[in-house]
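Beneath this line is the structure, given in structure tokens, with notes to follow.
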Amino acid sequence: MHSVPSVRTYVIVWATLTFFTFATYYIAQIDLGQWNIVIALLIAFFKMSLVIFFFMNLKAESPLTKLFAAGGFFWMILLLGQFFVDYISRDWMPGGKMW
Amino acid sequence: MTEPHSAVAEHAEHSPYLRHHFDNMEQQFDSATLGMWVFLLTEIMFFGGMFGAYTVYRSMYPEAFASTSMHMNPAFGAANTAVLIVSSLTMALAVRSARLGKQQALQMFLILTMIFGIAFLVIKGFEYHEHWVDMKVPLFSGHWDYSNTPEFPHQAQYSHQAQILFCFYFFMTGFHALHMLVGVGLMTTILMMARRGIFSTNYFTPVEISGLYWHFVDIVWIFLFPLLYLIGNARKLI
């Protein structure tokens with residue numbers, strides 16, 4: 001129902017994903033302190049975007065589907081955001097206890 | 001984009017796979033795709049909860065998580081990531097073949113996807129077996145000792161916290177492996193449908209939405225690999 005991406009596109013995406021898999025593996029061997037997790041997550045998010053936009057072909061889906069996909073990530077941010085705010089703020093009450 | 005659309009409309013009346021409550025094949029396809037995305041959103045919430053809990057405990061016990069991660073084998077993890085990415089490529093090519101009506105190629109790519117999916121599960125099985133032999137399965141008595149990591153001299157005092165990471169490890173990779181099993185089952189069904197000659201350039205919705213599921217499971221692993229295997233790896237002696 002949509003334009004069909006070429007085999008070439010898929011192979012390039014696959015090669016990029018494989019490259020970053022080994023990149024994340026080797027970068028983890030270098031001690032970068034706090035930056036290790038930041039770089040690992042950046043690479044993971046980049047790989048996720050490649051899979052979503054090319055393999056799952058989200059860019060060719062209907063606007064409604066795109067809205068739902070974006071909505072999913074919005075709710076995910078709400079879920080995790082509230083979740084972390086709860087844990088971070090638990091020590092803010094006197095005596096370190098909320099109840 | 002407009003040309004395939006009109007081609008679809010032309011054949012719409014003839015397709016035996018058009019359900020009566022849809023106007024045409026395109027509307028049916030878009031509805032099915034949207035429905036699959038909604039299902040995947042519930043899956044994001046499902047795994048998201050586990051990733052959230054993982055983050056909380058990791059920020060509480062960063063040293064214990066880093067040292068415990070040493071007991072996992074990143075080579076297995078990296079190999080499995082590579083295998084899963086290849087399976088995603090073959091899945092994408094299967095969907096492409098279905099769209100272009102290449103039935104032989106579709107069946108070949110589905111079989112390849114299943115082979116890579118099963119290869120992933122086999123490697124995972126070897127890994128689980130290694131953890132069992134190494135006595136690293138949490139909650140089993142006698143399996144609580146995670147202290148033999150010379151890079152982390154204080155590891156011995158983390159034995160209880162260390163179990164938390166292994167609990168997350170088994171829950172998250174276990175649920176992921178369960179999703180892989182379901183995926184292989186889906187591929188079997190799709191392959192049988194393909195062999196019966198159900199799919200055409202006009203109707204390939206089941207291939208498309210199974211592909212979406214397969215890629216989603218791949219994405220979950222893309223995050224599991226660095227978060228479970230590669231913590232504290234910088235201090236590992238290569």
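The values are calculated or read from the model by the stated rules, or taken from the named source; none is laboratory data. What you are looking at is a predicted structure, and each value in this text was computed from that prediction instead of being measured. Here Cβ is always computed from backbone atoms with ideal geometry, including for glycine, and neighbour counts include all displayed protein chains.
Restricting the first member to the range B:79-96 and to residues that are more than 9 Å from chain A (Cβ to nearest Cβ), and the second to residues that are of a type in the set (K, R), the beta-carbon pairs closer than 8 Å and six or more apart or on different chains are B:N80/B:K124.
In the set (1) surrounded by 13 or more Cβ atoms within 10 Å (Cβ to Cβ); (2) closer than 30 Å to B:F29 by Cβ; (3) more than 7 Å from chain B (Cβ to nearest Cβ), the condition left unmet by A:R8 is number (1).
Of all residues in the range B:186-236, those being within 13 Å of chain A (Cβ to nearest Cβ) and surrounded by fewer than 18 Cβ atoms within 10 Å (Cβ to Cβ) number 5. Residues of the range A:50-61 include at least one that is more than 28 Å from B:P62 (Cα to Cα), in a loop (DSSP other than H, G, I, E, B), under 17 Å from the mean Cα position of the chain (by Cα) and modelled with pLDDT of 90 or more. Before we move on, is A:V51 closer than 26 Å to B:V207 by Cα, within 7 Å of chain B (Cβ to nearest Cβ), surrounded by fewer than 18 Cβ atoms within 10 Å (Cβ to Cβ) and of a type in the set (V, I, T)? Spelling it out, it is not the case that A:V51 is closer than 26 Å to B:V207 by Cα, within 7 Å of chain B (Cβ to nearest Cβ), surrounded by fewer than 18 Cβ atoms within 10 Å (Cβ to Cβ) and of a type in the set (V, I, T). Taken over the range B:39-55, the criterion of being facing chain A (nearest Cβ under 7 Å) and exposed (fewer than 15 other Cβ atoms within 10 Å of the Cβ) is satisfied by B:M45 alone.
Residue-wise test of (1) in contact (Cβ under 8 Å) with a residue 40 or more places away in the chain; (2) among the polar types (S, T, N, Q).
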{"residue": "A:P5", "(1), (2)": "yes, no"}
{"residue": "A:Q29", "(1), (2)": "no, yes"}
{"residue": "A:L42", "(1), (2)": "no, no"}
{"residue": "A:E61", "(1), (2)": "yes, no"}
{"residue": "A:G71", "(1), (2)": "no, no"}
{"residue": "A:I77", "(1), (2)": "no, no"}
{"residue": "A:G81", "(1), (2)": "no, no"}
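Put simply, of B:F152, B:F120 the only residue that is of a type in the set (A, V, I, L, M, F, W, C), modelled with pLDDT under 95 and touching a helix residue (DSSP H, G or I) at 6+ places or on another chain (Cβ under 6 Å) is B:F152.
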